[in-house]
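J.: I have a structure here, written as structure tokens, and I will follow up with some questions on it.
The values are calculated or read from the model by the stated rules, or taken from the named source; none is laboratory data. Quantities reported herein were computed from a predicted structural model and do not represent experimental measurements. Backbone-built Cβ (ideal geometry, glycine too); neighbour counts: all protein chains shown.
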Amino acid sequence: MDSEIPPALLAAHPELVAVGEALRQLGEGHPVTATCVKCGKTLVAESVDATGALVIRCPDSHTFFRAKRSVQAPIHADAIEYALGNPNGLSRGRLVLSLQRSGAFSVEYVWRKEVHQRWEGVLVEDAFTRILATVGRTGFPNVPPLAKLVPGTQVAEIGVQAGGEWKRASFAETNTRFEGFTSMVSAVIGRVDPELAYSDPRTASLVASVKRVEA
């Protein structure tokens, strides 16, 4: 895993144990609470925009570690949106999942004039944080532009709202960079209606409650 520090490096620099803990916390979508072993101050995680790297450091410069580029600084968000498909598609319509930090969520599915469905529900505790962590691991919002699509591949859209401002990006539904994110949102949608997305029945549900409402 990118959040792991090689054992040999830890043996030579024991102070990096706290850095490893900070990286684990970021990977799980939690704020950094790990502290510097020399001064006891909470470590700071910062993105280096020019390189896309992530730096973990002590405020007093006792510790400094540059993480791999695939490890991302935490994303802060009030809402997440995932959309897939075309409302006028030949066989499938457009699906939109909206998630709120409060835990509230909605799923809306529209296909031509024949189908317009909507559900509202509540996520289990910490589900929003876990989903947001998967967004961070995609590198969002620094997402490469769409390449030429294989025929039949749908384009998905992701949106993150923070401080009233939305940032959005598009990606092919088959893009492995987004596997973790699409797996999590599919787990929510699949519990709402298995016809809309696959949700592995062996995994714990992310949905606490849901109901169908008038569209």
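J.: Does Phe171 meet the test of being among the hydrophobic types (A, V, I, L, M, F, W, C) and touching a residue at least 40 places away in the same chain (Cβ under 8 Å)?
T.: Considered against the rule, which asks whether it is among the hydrophobic types (A, V, I, L, M, F, W, C) and touching a residue at least 40 places away in the same chain (Cβ under 8 Å), Phe171 comes out as no.
J.: Okay, moving on. Going through the range 144-157 one residue at a time, which ones are at pLDDT 80 or above, surrounded by fewer than 21 Cβ atoms within 10 Å (Cβ to Cβ) and within 17 Å of the chain's Cα centre (by Cα)?
T.: Glu157
J.: May I pose another question? Would you be able to tell me the number of residues in the range 10-26 that are of a type outside the set (A, V, I, L, M), assigned to a helix (DSSP H, G or I) and at pLDDT 80 or above?
T.: Residues meeting the conditions: 2.
J.: Could you say whether any residue in the range 176-199 is surrounded by fewer than 17 Cβ atoms within 10 Å (Cβ to Cβ) and closer than 18 Å to Arg101 by Cα?
T.: Looking for residues that are surrounded by fewer than 17 Cβ atoms within 10 Å (Cβ to Cβ) and closer than 18 Å to Arg101 by Cα, one finds none in the range 176-199, hence no.
J.: Right, another one. Is there any pair with a first residue in the range 99-113 that is surrounded by fewer than 19 Cβ atoms within 10 Å (Cβ to Cβ) and a second that is of a type in the set (Ser, Thr, Tyr) whose Cβ atoms are under 6 Å apart and which are 6 or more apart or on different chains, and what are they?
T.: So the pair list comes out as Ser106/Ser98.
J.: Continuing with the same structure: In the set Phe178, Phe171, which member is under 29 Å from Pro31 (Cα atoms) and modelled with pLDDT of 90 or more? Before you say what the answer is, go through the steps one by one.
T.: Details: Phe178 fails: modelled with pLDDT of 90 or more.
The unique qualifying residue is Phe171.
J.: Do any strands (runs of 3 or more DSSP E) lying entirely in the range 40-135 carry at least 1 residues that are at pLDDT below 95, among the basic types (Lys, Arg) and closer than 27 Å to Leu23 by Cβ, and which ones are they?
T.: The qualifying strands (runs of 3 or more DSSP E) are 53-57, 64-67.
J.: Please go through the range 144-170 and pick out each residue that is more than 23 Å from Arg101 (Cα to Cα) and of a type outside the set (D, E, K, R).
T.: If the condition is that a residue be more than 23 Å from Arg101 (Cα to Cα) and of a type outside the set (D, E, K, R), then Pro144, Pro145, Leu146, Ala147, Leu149, Val150, Pro151, Gly152, Thr153, Gln154, Val155 are the ones that fit.
J.: Within the range 27-39, can you find the residues that are touching a strand residue (DSSP E or B) at 6+ places or on another chain (Cβ under 9 Å), hydrophobic (A, V, I, L, M, F, W, C) and at pLDDT 85 or above?
T.: Ala34, Cys36
J.: From the residues in the range 116-162 that are touching a Lys or Arg at 6+ places or on another chain (Cβ under 8 Å) and charged (D, E, K, R), which one is nearest to Ala187 (Cα to Cα)?
T.: The qualifying residue nearest to Ala187 (Cα to Cα) is Glu120.
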